[in-house]
Amino acid sequence: MKTEVVAALKAFGVVSNRRSHSADTIARVVELLQKGEPAALPTETVYGLAADALCPIAVAKIFEAKERPRFDPLIVHLPDHAWLDRVAHLRGEDRQSIEKLIGHFWPGPFTIVLPKKSIVPEIVTAGLDTVAVRISEHPVFAEIIRAFGRPLAAPSANRFGRVSPTTAQHVRDELDGRIPLIVDAGPTNHGIESTIVAVHNDKIDILRRGPITTEQLSRFGNVEIVVSTQKISAPGQLRTHYAPKTRLRLIEDAKSFSPDKNQRVGLLSWNPPGSENDFATVRCLSERQDFREAAIKLFRYLRELDKADLDLIVAERVPEVGLGAAIMDRLQRAAERPLDGQDTP
């Protein structure tokens, strides 16, 4: 299969000033989706591999292209709010809390897990009786899904367990020859995946940390961080995830770390530049120690370090406050190494 990359155009506010071609791009993507084929699309978080969420055969192609295990559920992206009641049940006791949350955070990098309706195929939810849903705020994705008129399943557009893609080139590096089309709209805005929550009795459980922080959610109710277990209840809960091929190790401070003799070590730094001569290459997440900048750069820098022919990548810990908690969540999962070398729940 040949993978084609097409640029998003002026109608989306990016890349080109030839507005007339944007309608052609939309039509091509929609045609592919209607045929049950997947396409890589930009979202505000990372690039997603999208397919018709209500067509099991189309969704199966996502799993095949990513080599994703069927026990790991997918997020369903909705064209608009009207679709929410068509795919999910909003329990009476929690409906008001849910509506407040989505009213504030949609469209945006906020996913909520709800009891599913039968219209959602089991392959999407990995057999669970719940479905994770959100509405993307990315203008390209929003334009395409509205034109398609149906929900899209869209996990990150990379091989399973690897570093998530924040540019179209990252997608091509991962899935070239596996999917027919990539829509290039430049780098993503947030750089890490959406926050995932579930609401029970007015309590907000954070199932995966992301751009919407604990501090932001606490304005809407009591918040609890759900620690990953062997039982998966939502996308993005696997212990090992977001991992480069090169082994990654977390450290407190680069000053206290000394590479072994003849060992090529790369540093992903958080602290201000110091004594870094011992490292083969260095990437600083943010010299200003700005969490938003660090989140945007995280996956891109992990990919660059992974290509640098290193024996080891060491990453300085990031303060676990605000968006820093989501960054550390990704780093901790990337540093996990299953005993058999395979991704495990």
Original post:
For R68, which of the numbered conditions (1) in a helix (DSSP H, G or I); (2) basic (K, R); (3) under 23 Å from G161 (Cα atoms) fails to hold?
Top reply: (1)
**OP:** Consider V171 carefully, then state whether it is among the aliphatic types (A, V, I, L, M), more than 12 Å from the chain's Cα centre (by Cα), at negative phi and part of a strand (DSSP E or B).
**Re:** no
**OP:** Just give me the residues in the range 104-113 being open to solvent by less than 60 Å² (accessible area, probe 1.4 Å) and touching a helix residue (DSSP H, G or I) at 6+ places or on another chain (Cβ under 9 Å), in sequence order.
**Re:** F105, W106, F110, I112
Subject >> Enumeration of residues in the range 194-207 that are part of a strand (DSSP E or B) and either among the small types (G, A, S) or open to solvent by 10 Å² or more (accessible area, probe 1.4 Å) (or both) >> reply: A198, H200, K203, D205, L207
Original post:
Do any residues in the range 75-90 that are part of a loop (DSSP other than H, G, I, E, B) have Cβ atoms under 6 Å from those of residues that are of a type in the set (V, I, T), where the two are at least six apart or on different chains, and which pairs are they?
Top reply: L78/V133; L78/I135; P79/I145; L90/I98
**OP:** Considering only the range 139-197, state which residues are at pLDDT 95 or above and among the aromatic types (F, W, Y).
**Re:** F141, F148
**OP:** Specify which of the listed residues (G186, G210, G191) is assigned to a loop (DSSP other than H, G, I, E, B), in contact with an Asp or Glu (Cβ under 6 Å, 6 or more places away or on another chain) and among the small types (G, A, S).
**Re:** G210
Subject >> the range 68-103, residues that are charged (D, E, K, R), under 18 Å from the mean Cα position of the chain (by Cα) and surrounded by 13 or more Cβ atoms within 10 Å (Cβ to Cβ) >> reply: R68, D72
Original post:
Can you name the residue in the range 208-234 that is hydrophobic (A, V, I, L, M, F, W, C) and surrounded by fewer than 21 Cβ atoms within 10 Å (Cβ to Cβ) and, of all such residues, is farthest from R333 (Cα to Cα)?
Top reply: F220
Original post:
So which pairs qualify, if the first residue must be in the range 314-327 and more than 24 Å from S258 (Cβ to Cβ) and free of Cβ contacts under 8 Å to residues at least 40 places away in the same chain, the second must be open to solvent by less than 30 Å² (accessible area, probe 1.4 Å) and part of a helix (DSSP H, G or I), the Cβ gap must be under 6 Å, and the two must be at least 6 apart or on different chains?
Top reply: E320/M328
Original post:
Among the residues of the range 114-132, is any within 26 Å of F299 (Cβ to Cβ), open to solvent by less than 10 Å² (accessible area, probe 1.4 Å), touching a residue at least 40 places away in the same chain (Cβ under 8 Å) and of a type in the set (G, A, S)?
Top reply: yes
**OP:** Look at the range 91-114 and say how many of its residues are outside any helix (DSSP H, G or I) and more than 15 Å from I204 (Cα to Cα).
**Re:** 4
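The values are calculated or read from the model by the stated rules, or taken from the named source; none is laboratory data. Given the structure is predicted, the values throughout are model-derived calculations rather than measurements. With ideal geometry, Cβ positions are generated from the backbone for all residues, glycine too; neighbour counts draw on all protein chains shown. Heavy atoms of the whole protein, side chains included, go into the accessibility calculation; ligands, DNA and RNA do not. Shrake-Rupley method; radii C 1.70, N 1.55, O 1.52, S 1.80 Å.
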